[in-house]
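Input: a single structure, listed below in structure tokens.
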Amino acid sequence: MSLSLLWLVPVLPLFGAIVNGLGAGRIPRRVVSAIGTGTVGLAFVIAVGCFLRLAQLPAEERIFLQTLYDWIDSGDFSVPIRLALDPLSGVMMLVVTGVGFLIHVYSTGYMGHEKAYGRYFAYLNLFTFSMLMLVLADNFLLLFFGWEAVGLCSFLLIGYWYQRPSAAKAGLKAFVTNRVGDWGFMIGIFLVFVTFGTLDFGRVFAEAPGRLAIGSGLATAIALFLFIGAIGKSAQLPLHVWLPDAMEGPTPVSALIHAATMVTAGVYMVARCHILYTLAPAALGVVAAIGAATVLFAATVALTQKDIKRVLAYSTVSQLGYMFLALGVGAYTAGIFHLMTHAFFKALLFLGSGSVIHALSGEQDMDRMGGLKKHLPRTHLTMLIGTLAIAGVFPLAGFFSKDEILWHAWENGGPLLWGVGLTGAFLTAFYMFRLYFMTFHGQERLTHEAKHHLHESPNSMTIPLLLLAVLSVIGGWINIPLVRGGQILGAWLEPVFADIAHVTGGAAHHAAGEVTGSHATPEITLMVISLVVALAGIYLAHRFYVVDPGAPKRIADRVHGLYTLLRDKYRVDELYDAILLGPIVRGSVRLWQGFDVAVIDRTVNGVGRAVEKAAGELRLAQTGYVQMYAMVITLGTVIVLGVLALR
Amino acid sequence: MTEGTGVPLAAYQILAAVLFTIGVVGVLVRRSALVVFMSIELMLNAVNLSFVAFSREHGSLDGHIFVFFVMAVAAAEVAVGLAILVAIFRNRETANVDDVRLLKG
Amino acid sequence: MIEGFLFAMFAGIAVGCAVGVVFNRNPVHCALLLIGVLLAISGLFILLSASFLAALQVLVYAGAIMVLFLFVLMLLGTKGQTHLLTRGSAKGFGLLFAVLIFVEVLWVILSPSQENGALLRAAPIPEGFGSPASIGRVLYTVWLFPFEITSILLLVAVIGAVVLAKRKFG
């Protein structure tokens, strides 16, 4: 198993996308499934092989470059298509191919009845290819290519059922909102190019400490503009608005793109460019602030949502906020750690909810669920595990990753950021268990139709659920704090983040999560606090949704204004409509009527009419009388003769 | 070799001009298509006269040759033109130039 | 002396008949008057030592072309033309343009130049000038190509005339 097979990892899904895309409708379903899942599965196997190979190299040498094609080569500026495998991209690659493979398998069951089956898998494979290109890219331009491509695939998949107006609109909203972020991202890339003359990661990051003074305006500008792209792609405040609407797409899509992978691209990007952010502490502060604000914002909205997928969507936004919070306080490993565990349990939760929806023949409103525990045993078990994981209950995955973030927030960010994170953790536990209890416990509030068709999902769907559940349990054990040798992930990622120490002078051990004795007591204390908080949230949810189901309504009526504010997601969409979209649309209409129709159309039509009129006048010369023609000839002769005679 | 007489070249030219002008008047003013045709023949003959006179003046036969060809072409033209006239007359019972104006724009 | 007289006579006949052609009501009369013009011009040709052409004029023009005219005249019938001249103000313009042409040509003719002043036939002309032999000698050598082309032209005219005058197609 040689590292030179790396290129197969992105190319296999691309191949699958091309085959399924071109043959959609003509290839039998089984073949489509086989190609769709097989290519990603094979890519995962090769990815694992490359990963292990990489691990065999000594730590300082763990970087493998593979040039596929000389894309741009103009004078001093060259942008090759080159894949770079290092510890960070290796982790991302495994997450994308691994979780992606499970979701592809799940899709064969979930989307089994769809007409446009081939189109779905083509898009999904294309997305996998794009995400892998993004993650394995060796330079900003190639990363941007992947960035844009995943945005495109997101649009295509959100609007998969494009015949539904809401789905089409949601896809458009996602794309346009992302575009706003991409604008900032592009400016960031331009600034990088102007400053460094190259877009190559290796060279830029090596030269950055020399060229950019810490805290300089240029460094901050670059970091902030790049971060704007992350705000868009990773649905942070204020560009989060597209993610809840993106739930219009099929549930596996929500799991893969809007939970496990695409939305994490922003986190990956900031982690990759960590040196630039280290050189711009102000920008890092902004990252942390926005991350923290997003955590609270989304968590509060999630409290009131009735649609099961919406709750998960806002939960994703909130958890992404945690990741940026981690990055913002310099805890890069923690951020990536949470990215990984979140991929496991959020994908699990989405796929589980998909299983519920599938079982209820399309019902997504939790008011019409309840008591499904006995009807859907496997789904119930896996969902419970996922919910415990996200709530941060020991010893599941979410506990370790979230705690790592909270610890570093306390250590480097101060009590305020820690407090926000803790509150978020409480809310997370509460609303996630609210979801769990409303769905699986309590009274059965199903519609007659749904009850009639109720059935557990097929193996193609439940087996990935089980696998993801296992990962959600053990996934956190690769980075156990305070235990000597327990920070496997931290040690693995250390070479990537080592250069921070050269800039900040020895603060690198925070990023890598080293353990020293003086940390032990505060860290354990905080761990206990967060565990208690999580359990409190679970208890409260139990009270409100199992023991005393009328309680939420009573409280909602008491604080009606606040309740509607949260339910209407702080009316951000309405705000955007009023101050941005409304004026733009009205301005466009005015331009259309006032200029395009009145001026341009009138001019063009006017020219036509003028020609017509002129022709009408000229036509009168053609009388049809031969003698008149003869007379004109004679007149001409007279004139010519006159000219000649007078010479 | 014949000797010169008293008729100047100018006389022949003026005569030719007069005949030509009369022909032009006929073409532009008459209503009957046949008479218009004849006026055209009149014009051609006037030109022939002019050619022969010049030819005599210069002692060259080129003018004669030209007249020869003019006559041949005139013959062809008359044949075809009259055929057209006959065809038109058969369709519309009139030989009036005024009445044939299908080319009106 | 006698030539001047002959010239005046032929010229008068020509002009008189020409005016008659243009201003006569009956087309058959116009045709006959045109024949008169042609004969007068033939006479003028003889005065100009163009004997071959004079003969051709009588044979071809007066003898064939005008006969063709008369055939068609007979074919079409000569129901009285209600109006002689074309309608409207066109009459005046026609006359005006014709007069203008005449004036211009006159201008050119009478402008001082060595040729016009000289008496005609001051130049000596060779023996057999205008005879069929001399014309033939030039026609079949220098002007051979136009000669051949003209024969094709005549063929085309014949075919055209036949096609155009047919009663029905096919």
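Computed from the coordinates by the stated procedures, all read-outs in this text should not be read as laboratory data. The structure presented is a predicted model; accordingly, all values stated were derived computationally and were not measured. Using ideal geometry, Cβ is built from the backbone for each residue, glycine included, and neighbour counts are taken over all protein chains shown.
For the protein assembly as shown, what does -39500 (n - 2.57) per DSSP helix run (n ≥ 4), summed and divided by total residues, give at 222 nm, in deg cm²/dmol to the nearest 500?
Numbers: 41 runs with 639 residues, N = 922.
Taking each H run of at least 4 residues, the total per residue is -23000 deg cm²/dmol.
Entry for the stretch A:436-591 at q = 0.09, 0.14, 0.19, 0.21 Å⁻¹: log10 I(q)/I(0) = -0.73, -1.07, -1.18, -1.31, Debye formula applied to identical alpha-carbon scatterers, no solvent contribution.
Over its Cα atoms, what ratio of radius of gyration to 2.2 N^0.38 Å does the stretch A:314-383 give?
Expressed relative to 2.2 N^0.38 Å, the Cα Rg reads 1.41.
Computed from Cα positions, the angle between helix A:459-474 and the longest principal axis of chain A comes to roughly 60 degrees. Applied to the stretch A:4-10, the Karplus parametrisation 6.51 cos²θ - 1.76 cosθ + 1.60 on θ = phi - 60° returns per-residue 3J(HN,Hα) values of 5, 7, 3, 4, 5, 4, x Hz, with x for Gly and Pro.
What per residue convex hull volume, in Å³, comes out for the stretch A:60-158 when only alpha-carbon positions are used?
Numbers: hull volume 10.7 nm³, N = 99.
In the stretch A:60-158, the Cα hull volume divided by residue count equals 108 Å³.
Summing charges over neighbours of A:V267, with a neighbour being any other residue whose Cβ is under 15 Å away from its Cβ, gives +3 when K and R count +1 and D and E count -1. Here the 3J(HN,Hα) profile of the stretch C:104-109, calculated from phi with Karplus coefficients 6.51, -1.76 and 1.60 at θ = phi - 60°, is 5, 4, 4, 3, 5, 5 Hz, Gly and Pro shown as x.
Taking every pair of distinct Cα atoms and averaging 1/r, then inverting, what Kirkwood hydrodynamic radius in Å comes out for chain B? Mind dumping the intermediate values first?
Numbers: mean 1/r = 0.0631 Å⁻¹.
Taking the inverse mean of 1/r over all distinct Cα pairs, chain B comes out at 15.8 Å.
Is there a simple number for the mean count of other chain Cβ atoms within 10 Å of the Cβ of residues in A:634-644, and what is it? Present the calculation step by step, with values, prior to reporting the outcome.
Working: counts 10, 5, 1, 5, 8, 2, 1, 7, 5, 1, 2.
Average neighbour count from other chains, rounded to a whole number: 4.
Distance from the C-alpha centroid of the stretch C:1-69 to that of the stretch A:407-461: 121 Å, rounded to the whole angstrom.
Each listed q (0.20, 0.29 Å⁻¹) maps to a log10 I(q)/I(0) for the stretch A:562-625, found by the Debye formula over equal Cα scatterers with no solvent: -0.84, -1.06.
The distance separating the Cα centre of the stretch A:565-638 from that of the stretch A:300-329 comes to 52 Å.
Quick one: net charge of C:G160's neighbours, Cβ under 14 Å, K/R +1, D/E -1? Display every interim value, and only then the final one.
Values: positive: C:K166; negative: B:E77.
Around C:G160, the surrounding residues sum to 0.
For the residues of A:609-622, the average number of beta carbons from a partner chain within 10 Å of their own beta carbon is 1.
Could you work out the mean count of beta carbons from other protein chains within 10 Å of each residue's beta carbon in C:37-44?
Values: counts 8, 3, 0, 3, 9, 1, 0, 8.
Across the residues of C:37-44, the mean count of other-chain Cβ atoms within 10 Å is 4.
For the Cα trace of the stretch A:161-206, dividing Rg by the Kirkwood Rh returns an Rg/Rh value of 1.32.
Both numbers refer to the Cα atoms of the stretch A:293-354; Rg and Dmax are 12.1, 36 Å.
Pairs exceeding a 31 Å alpha-carbon distance, out of A:K309/A:K374; A:K115/A:K173; A:K374/A:K569; A:K115/A:K402; A:K169/A:K306: A:K374/A:K569; A:K115/A:K402.
Against chain A, whose longest principal axis is taken from its Cα atoms, helix A:626-645 shows a tilt of about 80°. Here the stretch A:105-122 and the stretch A:1-42 have alpha carbon centers that stand 14 Å from each other.
Helix B:62-92 and the long axis of chain B differ in direction by around 10°, with both axes built from C-alpha atoms. Compactness of the stretch A:1-98, taken as the C-alpha radius of gyration over 2.2 N^0.38 Å, stands at 1.28. Taking 25 Å as the straight-line reach from the Cα of A:K613, the lysines in range (excluding those fewer than 8 positions away in the same chain) are B:K104. Our coupling estimate for the stretch B:16-24, obtained by passing each phi through the Karplus curve with A = 6.51, B = -1.76, C = 1.60 and θ = phi - 60°, is 4, 4, 4, 4, 4, 4, 4, x, 4 Hz, Gly and Pro reported as x. Along its principal axes, the stretch A:181-322 has C-alpha extents of 52, 26, 20 angstrom, given from the largest down.
Peptides A:185-197, A:256-268 ranked from most to least packed by the mean count of surrounding Cβ atoms within 10 Å: A:256-268, A:185-197. In this label model, A:F15 and A:D596 are separated by 4.6 nm, measuring between points 7 Å along each Cα→Cβ vector.
Charge tally around A:P583: other residues with Cβ under 13 Å, Lys/Arg +1 each, Asp/Glu -1 each, net +1. Calculated on the Cα set of the protein assembly as shown, radius of gyration then Dmax: 51.8, 154 Å.
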